[in-house]
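Visitor: Quick one: this structure, given as structure tokens, is what I'll be asking you about.
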Amino acid sequence: VLRVGGEAPTRALLEQWGGRHRFAVMVVDAAGRDLLGRPVPAAALAQARARLGDSDRRPGLRRVRAPDGQQYLLFRIRLPGLHGPPLHHGPPFLRLILGLVASLLFSAGLAWYLTGPLRHLGVATRRLAAGDLGTRVTPALGRRRDEIADLGHDFDRMAERLEALVAAQKRLLSDVSHELRSPLARLRVAVELARQQPAETSKALDRIERETGRLDALVGQVLTLSRLEAGVDRGPEDYVELAELLDEIVADADFEARARGCRVALAVDGEALVRARGELLHRALENVLRNGVRHTVEGSTVEVGMKAGQGRVHVSVCDRGPGVPESYLDALFDPFVRADGGDDGRGYGLGLAIARRAIEVHGGTIAARLREGGGLCVDITLPLEPHNG
């Protein structure tokens, strides 16, 4: 106090202490005067100076410089007539009882502070297990900033993720049931037609075969998407040269596009070695390219580009189709969403959903944008191997 605040706060502190202690702290300046004007025993002062010597500090002694530059010597002397124990300590058993009471009170407060949030977490866990996926605990924790609060935030994130997954599964089941109704209805009509008009049996069988194929394709795509969402059956990882993979996919797509008078062109800038599950990545890129070929206008060219740099490779697939409203771009990658919105038998709206999940599995991103002059572009970004970036 003397070193930082000077004489005034030190004097106030000494006056506050008063005579409550068996020892008094003397604060003596260079002239031998005490800060409070108390008489300084000459023998005690001489003994303190002798013990201090050239050092600023000894056990029970201090030499302190105040902010105004004045030096003081601090030492203790026993006050006369106070040789017994201090009055405020009391008997030993009383101190023991007071200590036990204080410990119990502190322990009770600490237990309440710690177990209260844990009780909230326990209740929330039981509600979540009972099916209440909207359960959250953060509001009940208040402004806590400790490990229990972190646990509560983790619980809320887990509950939000579970709620989103369950909602997605319900939506998927609803969409699947909706998509199954149309081919099943056509199958029933074909069966009834074959029964009532034997002469049309051949046409009915052709219709049954087509609808069975559509159902098989739909079930296969749903299973693929479900496995990707569940994180299983993704295939082994390997090093894939992306330019070679794109060249193979583009060659197949171009062969099919020529039937509609369309072309598929590939432009590659650099090499791109990625660590990927080859079959899964092939399916994702093929789905995107086939979607472009399906919607581009007759006589146009679907342009596929690849450019590597800065640790990532960018792939773009641009068609000359009718495009979609700008607000519809993000929804294109949701299951059972089709740009035309109809049931023309050309797809079920699962191709881009499978592509998005497959690209995300490889640590990449996929997005759609409108193309200048008409059409749609799908941009894919994948991480490169470190030595290839």
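The values are calculated or read from the model by the stated rules, or taken from the named source; none is laboratory data. Being a predicted model, the structure only gives us computed values, none of them experimental. Every residue, glycine as well, gets a Cβ built from its backbone with ideal geometry; the counts of neighbours run over all protein chains shown. For accessibility, only protein heavy atoms count, side chains too; no ligands or nucleic acids. Shrake-Rupley method; radii C 1.70, N 1.55, O 1.52, S 1.80 Å.
Visitor: Residues to consider are Ser174, Ser182, Ser202; find the one that is modelled with pLDDT under 80, open to solvent by 50 Å² or more (accessible area, probe 1.4 Å), within 30 Å of Gly220 (Cβ to Cβ) and among the polar types (S, T, N, Q).
Guide: On the way: Ser182 fails: open to solvent by 50 Å² or more (accessible area, probe 1.4 Å); Ser202 fails: modelled with pLDDT under 80.
Selected residue: Ser174, the only one of Ser174, Ser182, Ser202 that is modelled with pLDDT under 80, open to solvent by 50 Å² or more (accessible area, probe 1.4 Å), within 30 Å of Gly220 (Cβ to Cβ) and among the polar types (S, T, N, Q).
Visitor: Now for a different question. Go through region 270-299 and give me each residue that's at negative phi, without any contact (Cβ under 8 Å) to a residue 40 or more places away in the chain and not in a helix (DSSP H, G or I). Please lay out each step first, then the result.
Guide: Step one: of region 270-299, the residues at negative phi are 271-298.
Checking which are without any contact (Cβ under 8 Å) to a residue 40 or more places away in the chain leaves us with 282, 286, 297-298.
Across region 270-299, the qualifying residues are Val297, Glu298.
Visitor: If you don't mind, another one. Out of all the residues in region 125-139, is one or more outside any helix (DSSP H, G or I) and among the charged types (D, E, K, R)?
Guide: Residues of region 125-139 outside any helix (DSSP H, G or I): 130-137.
Then keep just the ones that are among the charged types (D, E, K, R); that gives 132, 136.
Scanning region 125-139 turns up at least one residue that is outside any helix (DSSP H, G or I) and among the charged types (D, E, K, R).
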